[in-house]
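Read through the structure below, which is laid out as structure tokens, and then see the notes.
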Amino acid sequence: PSGHCNLSCKFCGYSKKEHGRIVMPNEDFASYIDQAAEMGFKDFSLTSSSGEIFFDKDAAWKLDYLDNHPLVGFYQFYSNLILPDEAMIEKIFGLKKLAWLGFSIYGHDLESFTRITQKPDKQYNKLVANLNRIADKGGPGRELFEIHLRTDRSFNWHPNDGVDENSSELVKAMRRAV
């Protein structure tokens, strides 16, 4: 639904992108879903090749449309998890047809996050806060989440690994969230 991104990751072509920085209008989204569903498509992936779904201020409307569409089986998407607010995170846990949500995490601590994303610590802090909100929520729904970590080659960690007092706030939050 969105061709915009809130990050400027060094490895991503988004900053060089000249076209496609749009947010799909709700009417178009509904029409495309309806057409695809009528052709027999039941499962949808909402992730564009470069963009953040929650950059779309109407993302909640679009998720509701999919969730309530009688011909939609399931849907999935990626997010860098920085833009959703508390209400959106709460909403995610209530989505009936969400089959999978991948969190694209860039960096493993503040230094690597800001270096890779070229964004200030404010966005890092929002990411950590949102991961902690998910961890605090607990219960059903968390099994749908998966972390995709892109960071320095020298960093070696898996969510099944423990954390200690030397772990960054981001690593601690990732461990709690999955």
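The values are calculated or read from the model by the stated rules, or taken from the named source; none is laboratory data. For clarity, every value in this text was computed on a predicted model and none was experimentally measured. Virtual Cβ from ideal backbone geometry, glycine too; neighbours counted across all protein chains shown. Ligands, DNA and RNA are stripped out before the accessible areas are found, and what is left, the full protein with its side chains, is counted by its heavy atoms. Shrake-Rupley method; radii C 1.70, N 1.55, O 1.52, S 1.80 Å.
Miscellaneous remarks
- Search result, residues across the stretch 95-109 that are surrounded by fewer than 16 Cβ atoms within 10 Å (Cβ to Cβ) and touching a residue at least 40 places away in the same chain (Cβ under 8 Å): A99, W100
- Considering residues of the stretch 33-66 that are under 12 Å from the mean Cα position of the chain (by Cα) and among the β-branched types (V, I, T) only, the residue surrounded by the most Cβ atoms within 10 Å (Cβ to Cβ): I53
- Inside the stretch 110-125, residues that are free of Cβ contacts under 8 Å to residues at least 12 places away in the same chain, under 19 Å from the mean Cα position of the chain (by Cα) and surrounded by 13 or more Cβ atoms within 10 Å (Cβ to Cβ) make up a count of 2.
- Condition check for M88: of a type outside the set (V, I, T), surrounded by 14 or more Cβ atoms within 10 Å (Cβ to Cβ) and under 22 Å from D67 (Cβ atoms): yes
- Test for Y78: is it farther than 13 Å from H4 by Cβ and touching a residue at least 60 places away in the same chain (Cβ under 8 Å): yes
- Filtered residues of the stretch 118-169 (kept if more than 30 Å from L95 (Cα to Cα) and of a type in the set (A, V, I, L, M)): V163
- Scanning the stretch 158-167 for residues that are of a type outside the set (D, E, K, R) and open to solvent by 90 Å² or more (accessible area, probe 1.4 Å) turns up H158, N160, N166.
- Of L170, L149, L144, all but one fail to be surrounded by 13 or more Cβ atoms within 10 Å (Cβ to Cβ), within 13 Å of F103 (Cβ to Cβ) and in contact with an Asp or Glu (Cβ under 8 Å, 6 or more places away or on another chain); the exception is L170.
- Within the stretch 1-60, the set of residues being in a helix (DSSP H, G or I) and at pLDDT below 75 comprises G13, Y14, S15, K16.
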